[in-house]
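Trainee: Starting off with a structure, shown below.
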Amino acid sequence: MHQTSSLLPIIAILPFIGALVPGVMIRAGRTACASFTAVPTVLALVMLGTLAPGVIEGTVYTAKIAWIPQLGLEAAFFLDGLGLMFACMILGVGLLITLYARFYLSKADPMGQFYTYLLLFQGAMLGITLSDNILLLLIFWELTSLSSFLLIGYWKHLPEGRQGARMALTVTGAGGLAMIGGMLILGNIVGSYNLTDILAAGDQIKADVLYLPALILILLGAFTKSAQFPFHFWLPHAMAAPTPVSAYLHSATMVKAGVFLMARMWPALAGTDAWFYIVATVGLITMVLGAVIALFKDDLKALLAFSTVSHLGLLTMLLGFGTEAAAIAAVFHILNHLTFKAALFMTAGIVDHEAHTRDIKRLGGLAKLMPITAVIGTITALSMAGIPLFNGFLSKELMLYEAAKTSWWENPWLVPALATLGSVFSVAYSLRFIFHTFGGPVRDDYPHTPHDPPFGMYAAPALLSVFVIAIGVMPFLAEPIVAMAATAVTGVEQHPHFAIWHGVNAALIMSLIAIAGGVVLLLLHSPLDRAWLATPRPEAKAIFDALMGALVKATQGLTATLHNGAISRYLAVFSATVVIVGYLSFRGGGMGAPTRELLPTPILAVIGWAMLVLATILVVVFHRKRFAALVIISVIGLMVSAGFVYMSAPDLALTQISVETVTIMLLLLALHFLPKETPVESSAGRRGLDAGIAIAGGVAIAALAFAFMTRDVSTISDYHLANSYAGGGGTNVVNVILVDFRGYDTYGEIIVLGIAGLAIYALMETLLSGPAGARLRNSGYNADRSHDRHPLMMVVATRLMLPIAGVVGIFIFLRGHNEPGGGFVAGLVISIALLMQYMASGFAWTTRRQRLEYHGLIGIGVVIAGLTGMGAWLAGLPFLTSWFGYVHLPPIEEFELATAALFDLGVFLCVLGAVMLMLYSLSRLARHSGETVNREPMDYDPSKAIKTFDHDAREGV
Amino acid sequence: MEALVASAIGFLTAGGIYLILRLRVFAVVLGLSLLSYAVNVFLFSTGGLRINAAPILDKYNDAAVYTDPLPQALVLTAIVISFGMTAVLVMFALGAYLEAGNDKIDMTEVEPDAEAPTVDGIALDMSAEPTEDRA
């Protein structure tokens, strides 16, 4: 039965919203901060509570919000028995941890941060349990890795904390990556990323060819998260976290996420041989290995960590069995493990907090000093051992019962024997936890005299130990919860029945063996411990560090090889790749036969072509003589302009030739400050290779251009030709396109040009005030300057030319709409006219006569163009729609007025400002290097010279 | 005619690529200029070549043939923008040369050239900057 509930997304988002609060509330005090952390948790629990009765009756609540439907990703949530059990566990333990952490953390710890991280993590975990979309689930999955990284590394000042956090993130993050692959395969098999669809398609999935790869990838994610062998090593290192974090992450949440996922995917993936042999075997190995190592750990938290590893192995093994009864046992043990393990971690934290050590060898006799803690610790540890009347016993017996029925590779003894062995060690380390910590005589060498903590600190573990006993004595209490979750896991209605006494069966005998063996092992602990310490064992952290070190070294090596800072090499690789890829696609695409007739080739064109080609070759050959190369390159610009004229592009020719002029001036200015020759640095082989790449690129582009020109292509230009005069009011179609049809483009382009000008100006400012400025002042740039005066002829000529050039510029601007010309060209022409003044009369003299700042010109230009465009809004038309009309003012002829001309004025001003600002900025370098300035209109002032002569004559010289 | 234009584009491109693969800034600037010519002519040529058919409308001749105006409009702005780009590049080159003391484009080594002006022994006094005499 499905029912929608809008509460689900709210529950899922609550912790994330709540996470914003503690960081702020910490200013109101630590208790207030903790209380506000509890609020979203309690709210979510209450909301879940309203849905719980329905879930127990078998209703599945769903909620869907479309997110990225193209990807199959939607924020879909659903709540069934399994999800409800986990959600309650996460929130319930989260609440207890909030309380515990309030007392555990010291005043020096940033508590607001802690609670923020805690809520983030809680939200991520909750999201995993509630997701109905596997892509969404993956997002939450990664979020748990990230937020647990923050939690584990909470004590940033401890190197262990940082390293542990990094290791946890690396291992679980890598597993998460594998799982993404697996989930995507799964989604492809089913054709839907919705969990409910996937769970219903179990048979289809298991029959698919890609079942095994998907299974292995998903299990990699689950195993890394749940610390299964051989990925178990990160969990003990994550114990460097504060104890509340360990208690939360490593009992109820983070490590259970892997188990949850296996349980969640159980109907879709379980029941095959592959599932059994991978999951059950890994679980079995982990269970035994974890239990054995736990016995020899002296650190209380390390002991509990390996015990957790062992219990997670147990759960994995049960799920791996693939039977419904085993699944029920797994669900029951998840619940029991949560109650006793969270309490045990908190107990260990209390001991550490009070005695200032967690080393079992330095503890003992605490029962008399901290009786309440000792009682809690004993109850929960007995449950961990699987002693009757505690809840751990019930699920452990179910496990042994299932193990006794299971044969591995036709061997009926292997699984039961190893399961019993694991249990023996489990009993041993549990009893060691009790007797070596709380038992024995009181010592006098504790680092700090222990006593029971305040109520707030032991309240949470005490509550949990009440559950331990309640379920242990009255197992039927847990039945409805387990029934509900097991039904969801197996997909079949389950009515489990738990009892303390099952009669004498294999499981009971195995339990008894375990308890007896455990006691014996504990008694023999000292000699065994010595033997264990004497045996060489692989150190997981050393292996991990070595592996990471090698990986980092390999990556750095690769990066250094591929990305060594030699941009010339990247360019070579890039050019060669473009040619090769271009050739491949060129060959692959079917190209039709040429459709255009070739134009005749007049002799004049051949001469122009020859000059261009010759100039290109000369530039390449003489590029080391920089000045010569600069002179030759201007020939190319000239020939290109001539070509434009010949091939019906007068506007381009005008623009090209004016740009050519300013470019050469710019490069000349720059060359003044750069070395005048380029040394030979690359080897002959390298030059040959470069030449090869260059020739290949040239041939390729020539072939492409030829193919293009000899074929007809469909064009949208007919529209422009037809509407230029009728709609735009101009006969120069190129200009009308620029200022009207594609005015928006032009608007963007003048802004880019303006920004380039401003950027150059700003760069120059920075440069001149830094070491470069010092270098300039220290330079001899001024020394090799010719000390000739500004040539008088040129000064006079340019001054005469200025008004003429201005008139030409204005003329070109005004005719632009109907004849070749326009704002771009006019801006360049006026720039050149002004530049001539700079060259002829000197920088300072010209600057002093300049009334308008070039920055301002750029701004005014952009504003005029923009306002013109906006003017169209007044008429209710879109941005940059133009208007034109004809005006008759006697006595002149009728003439046209168009808003496009106003826009073109903006273009003109912006181009003028940008070009002038660029060259002006570069010229400042010269001034900075100590060039002297002529303050007079001309360096050579005849009147002054005569006066001096007169004066000298009077003095009789 | 088409072959001439295509081969000219090819020569410009080849020269441009060879020069941008050199190790000094000035050669790279020259190479980029050549490439700009090549790209602009290439873009222009995509409209197809026509002689005596400038896209200036003849109001009195409806049968007149015109060349494709759109590539011309695109190339016109491209020419101006490529000037802006060259200017920014030259600025970078100058800045790098004056800051680092060499005009190499690769960053594998950063030793100043012997001929480059030195910074040594000069106090980096910002107030020592000569004032522009605009007053």
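Trainee: Condition test on A:Thr663, is it facing chain B (nearest Cβ under 7 Å) and either part of a helix (DSSP H, G or I) or open to solvent by 50 Å² or more (accessible area, probe 1.4 Å) (or both)?
Mentor: Taking the combined requirement at face value, the residue satisfies it.
Trainee: Are any residues in region A:740-753 at the interface with another protein chain (Cβ under 10 Å from one of its Cβ atoms) and hydrophobic (A, V, I, L, M, F, W, C), and if so, which ones?
Mentor: Let us first name the residues in region A:740-753 that are at the interface with another protein chain (Cβ under 10 Å from one of its Cβ atoms), namely A:741-742, A:745-746, A:748-750, A:752-753.
Answer for region A:740-753, where residues must be at the interface with another protein chain (Cβ under 10 Å from one of its Cβ atoms) and hydrophobic (A, V, I, L, M, F, W, C): A:Phe741, A:Ile750, A:Val752, A:Leu753.
Trainee: How many residues are within 7 Å of chain B (Cβ to nearest Cβ) and either open to solvent by 10 Å² or more (accessible area, probe 1.4 Å) or of a type outside the set (D, E, K, R) (or both) when one looks only at region A:618-636?
Mentor: 6
Trainee: Just the residues that are more than 8 Å from chain B (Cβ to nearest Cβ), among the aliphatic types (A, V, I, L, M) and touching a residue at least 24 places away in the same chain (Cβ under 8 Å), please, taken from region A:714-739.
Mentor: Across region A:714-739, the qualifying residues are A:Val736, A:Val739.
Trainee: Is it the case that region A:914-924 has a residue that's surrounded by 20 or more Cβ atoms within 10 Å (Cβ to Cβ), away from every other protein chain (no Cβ under 12 Å) and of a type in the set (S, T, N, Q)?
Mentor: no
Trainee: Write out, first by first residue and then by second, each pair whose Cβ atoms fall under 8 Å of each other, whose residues are 6+ apart or on separate chains, and whose first residue, in region A:591-610, is touching a residue at least 60 places away in the same chain (Cβ under 8 Å) and closer than 18 Å to B:Asn52 by Cα while the second is among the polar types (S, T, N, Q) and open to solvent by less than 50 Å² (accessible area, probe 1.4 Å).
Mentor: From residues that are touching a residue at least 60 places away in the same chain (Cβ under 8 Å) and closer than 18 Å to B:Asn52 by Cα, the pairs are A:Arg596/A:Thr710; A:Leu598/A:Thr710.
Trainee: Which one of A:Ile56, A:Ile11 is open to solvent by less than 20 Å² (accessible area, probe 1.4 Å), out of contact with any strand residue (DSSP E or B) (no Cβ under 6 Å at 6 or more places or on another chain) and under 27 Å from A:Ala486 (Cα atoms)?
Mentor: A:Ile11
Trainee: Kindly evaluate A:Leu689 against the criterion of being in contact (Cβ under 8 Å) with a residue 24 or more places away in the chain and in a helix (DSSP H, G or I).
Mentor: Yes: the conditions hold for A:Leu689.
Trainee: Could you grab me the full set of residues in region B:72-84 that are within 21 Å of A:Leu758 (Cβ to Cβ) and facing chain A (nearest Cβ under 7 Å)? Steps first, answer last, please.
Mentor: Start the filter on region B:72-84 by keeping residues that are within 21 Å of A:Leu758 (Cβ to Cβ), which leaves B:77-84.
The answer is B:Thr77, B:Ile79, B:Val80, B:Ile81, B:Phe83, B:Gly84.
Trainee: Scanning for something at the interface with chain A (Cβ under 7 Å from one of its Cβ atoms), touching a His at 6+ places or on another chain (Cβ under 8 Å) and open to solvent by 10 Å² or more (accessible area, probe 1.4 Å), does region B:55-71 turn up at least one residue?
Mentor: Within region B:55-71, one or more residues are at the interface with chain A (Cβ under 7 Å from one of its Cβ atoms), touching a His at 6+ places or on another chain (Cβ under 8 Å) and open to solvent by 10 Å² or more (accessible area, probe 1.4 Å).
Trainee: Restricting to region A:688-697, give me the number of residues that are over 39 Å from the mean Cα position of the chain (by Cα) and open to solvent by less than 70 Å² (accessible area, probe 1.4 Å).
Mentor: Step one: of region A:688-697, the residues over 39 Å from the mean Cα position of the chain (by Cα) are A:688, A:691-692, A:695.
Remaining after also requiring open to solvent by less than 70 Å² (accessible area, probe 1.4 Å): A:688, A:691-692.
Looking only at that region, the number is 3.
Trainee: OK, next. Only one of (1) open to solvent by less than 10 Å² (accessible area, probe 1.4 Å); (2) modelled with pLDDT of 90 or more; (3) farther than 30 Å from A:Ser921 by Cβ fails for A:Ala700. Which number is that?
Mentor: Failed condition: (1).
Trainee: So, in region A:219-238, how many residues would count as being polar (S, T, N, Q) and not in a helix (DSSP H, G or I)?
Mentor: Looking only at that region, the number is 2.
Trainee: Tell me whether region A:502-516 contains one or more residues that are farther than 27 Å from A:Phe296 by Cα, open to solvent by less than 90 Å² (accessible area, probe 1.4 Å) and not in a helix (DSSP H, G or I).
Mentor: yes
Trainee: Of everything in region A:586-601, what is open to solvent by less than 90 Å² (accessible area, probe 1.4 Å) and within 8 Å of chain B (Cβ to nearest Cβ)? Give them in sequence order.
Mentor: Correct list: A:Arg596, A:Leu599, A:Thr601.
Here is a yes/no grid of residues against (1) over 24 Å from A:Leu344 (Cβ atoms); (2) open to solvent by 10 Å² or more (accessible area, probe 1.4 Å):
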residue	(1), (2)
A:Val209	yes, yes
A:Leu220	yes, yes
A:Phe229	no, yes
A:Pro242	no, no
A:Ala268	yes, no
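Trainee: From A:Gly823, A:Gly869, which residue is more than 11 Å from chain B (Cβ to nearest Cβ) and open to solvent by less than 30 Å² (accessible area, probe 1.4 Å)?
Mentor: A:Gly869
Trainee: Among (1) open to solvent by 20 Å² or more (accessible area, probe 1.4 Å); (2) more than 7 Å from chain A (Cβ to nearest Cβ), which single condition is B:Gly31 missing?
Mentor: Among (1) open to solvent by 20 Å² or more (accessible area, probe 1.4 Å); (2) more than 7 Å from chain A (Cβ to nearest Cβ), B:Gly31 violates only (1).
Per-residue answers, yes or no, for (1) touching a residue at least 40 places away in the same chain (Cβ under 8 Å); (2) buried (at least 16 other Cβ atoms within 10 Å of the Cβ):
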position: A:Val24; (1), (2): yes, no
position: A:Ala34; (1), (2): yes, yes
position: A:Ile68; (1), (2): no, no
position: A:Gly81; (1), (2): yes, yes
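Trainee: Looking at A:Ala840, A:Ala875, which is the one that is crowded, with 16+ Cβ neighbours inside 10 Å and assigned by TED's automatic domain parsing to the domain that holds A:Ala762? Spell out how you get there, then give the answer.
Mentor: Numbers: A:Ala875 fails: crowded, with 16+ Cβ neighbours inside 10 Å.
Of the residues listed, the single one that is crowded, with 16+ Cβ neighbours inside 10 Å and assigned by TED's automatic domain parsing to the domain that holds A:Ala762 is A:Ala840.
Trainee: Another one. Select from region A:239-278 the residues that are hydroxyl-bearing (Ser, Thr, Tyr), modelled with pLDDT of 85 or more and not in a helix (DSSP H, G or I) and list them in ascending order. Before you say what the answer is, go through the steps one by one.
Mentor: Quick first cut of region A:239-278, residues hydroxyl-bearing (Ser, Thr, Tyr) only: A:243, A:246, A:248, A:251, A:253, A:272, A:277.
If we keep only those that are modelled with pLDDT of 85 or more as well, we get A:243, A:246, A:248, A:272, A:277.
Correct list: A:Thr272 only.
Trainee: Let me confirm something: among B:Tyr37, B:Tyr60, which residue is more than 19 Å from the chain's Cα centre (by Cα) and under 21 Å from A:Pro820 (Cβ atoms)?
Mentor: B:Tyr60
The values are calculated or read from the model by the stated rules, or taken from the named source; none is laboratory data. Not measured: the values here are computed from a predicted model. Heads up, the Cβs are rebuilt from the backbone with ideal geometry, glycines too, and the neighbour counts pull from every protein chain shown. When the accessible area is computed, the model is the full protein with side chains, heavy atoms only, and any ligands, DNA or RNA have been set aside. Shrake-Rupley method; radii C 1.70, N 1.55, O 1.52, S 1.80 Å.
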